[in-house]
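Trainee: Handing you this structure, nothing more for now.
The values are calculated or read from the model by the stated rules, or taken from the named source; none is laboratory data. Bear in mind that the values here come from a model prediction, so they are computed numbers and not experimental data. Using ideal geometry, Cβ is built from the backbone for each residue, glycine included, and neighbour counts are taken over all protein chains shown.
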Amino acid sequence: MNQSQPIKDLSINVVNIIWSFDPESEKVLVLLVQSSLEPNIGRWGLPATRLRSDESADDASLRLIREKIGLDLPNFYTEQLATFSNINRSNKGRNIALTYMTYLPSAPKLTAGYGAKQAEWFSVGHLKQQYTLNYGNLTFKTLEDEISEDEFYQQLPQADQEENLISDYSLILRQAFRRITNRLDYLPTILLILGQNFTLKQARIVYAAFLKESVANIDNSNFRKTHVHLFQEVGVRHGKSGRPAKLYRLK
């Protein structure tokens, strides 16, 4: 009878999905980096780092932000997403990914850090079964809804091609989009990307991106009735024309 053996060589990566918002284009953003390291030179993926012996995973997720973006953030803006430990996620031995999500209230200019040729903000779009990440002529897709995690990892050696994100990042991103979408009605932490205060229109724009809807399909009056219990009114914002817009923040 075969017995499982303890893992002798285990690599632990910390992966961070960093969200932000562009008020000019009114787009939700995700940070992607282009690798400068073998075996993925030139390919795009999520910011990631090896877990060091003298730090916690939480600390590593914040260090990753400092190294990739140059920002020091409190824990308030970061939360753990999930652990990905499928035995087939790497062909170079066992590798576990501890994944986090970070909400940036502004999208700073990016300077690629160690291991990255380029770092860019990709805007969020959608297809029927997938979300898309778009920058210039580049488009990457999350994993299709109907593909299970087991099916994905079985197909990963064939799917891991230049036109796709590195490794299982399309699966990790699908999980991130699902987490945020499932919590929109009771814990919409994604609205932290709008800053301390926001208008209901801005909140609807963010909701629309995750619900795969147009903003016009999210009625302002109904949205106020169903979600205002999540927000606290804090003042008004005076625009260049029209009525002042009420400002809210998360309770």
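Trainee: Which of the residues spanning segment 96-118 are closer than 19 Å to R63 by Cβ and either among the basic types (K, R) or surrounded by fewer than 20 Cβ atoms within 10 Å (Cβ to Cβ) (or both)?
Mentor: Hits for segment 96-118 are I96, P108, L110, T111, A112, G113, Y114, G115.
Residues checked against (1) in contact (Cβ under 8 Å) with a residue 12 or more places away in the chain; (2) buried (at least 16 other Cβ atoms within 10 Å of the Cβ); (3) in a helix (DSSP H, G or I):
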site	(1), (2), (3)
I166	yes, yes, no
A176	yes, yes, yes
R179	yes, yes, yes
Q196	yes, no, no
A203	yes, yes, yes
E213	no, no, no
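Trainee: Failed condition for Y169, given (1) under 13 Å from F84 (Cβ atoms); (2) outside the structural domain of K92 (by the TED database), with all others met?
Mentor: It is condition (2) that Y169 fails.
Trainee: Related question: Please work out if S36 is among the hydroxyl-bearing types (S, T, Y) and touching a Pro at 6+ places or on another chain (Cβ under 9 Å).
Mentor: no
Trainee: If you don't mind, another one. Can you pull out the residues in segment 131-141 that are within 19 Å of V206 (Cα to Cα) and without any contact (Cβ under 8 Å) to a residue 24 or more places away in the chain?
Mentor: Passing the criteria: T132, N134.
Trainee: Next question, about the same structure. Being assigned by the TED database to the domain that holds E163 and under 20 Å from N164 (Cβ atoms) is true for just one of K128, K109. Which residue is that?
Mentor: It is K128.
Trainee: Is segment 210-233 home to any residue that is under 17 Å from V28 (Cβ atoms) and touching a strand residue (DSSP E or B) at 6+ places or on another chain (Cβ under 7 Å)?
Mentor: Checking segment 210-233: at least one residue is under 17 Å from V28 (Cβ atoms) and touching a strand residue (DSSP E or B) at 6+ places or on another chain (Cβ under 7 Å).
Trainee: Out of segment 38-54, which residues are free of Cβ contacts under 8 Å to residues at least 60 places away in the same chain and of a type in the set (G, A, S)?
Mentor: Matches in segment 38-54: A48, S53.
Trainee: Here's something else I'd like to know. Starting from residues that are modelled with pLDDT of 90 or more and farther than 18 Å from Y135 by Cβ, keep the ones in segment 28-52 and report whichever is farthest from the chain's Cα centre (by Cα).
Mentor: Looking at the filtered set, the residue picked out is R52.
Trainee: Another question, then. Tell me which of these G239 doesn't satisfy, since it passes every other one: (1) part of a loop (DSSP other than H, G, I, E, B); (2) surrounded by 18 or more Cβ atoms within 10 Å (Cβ to Cβ).
Mentor: The single condition G239 does not satisfy is (2).
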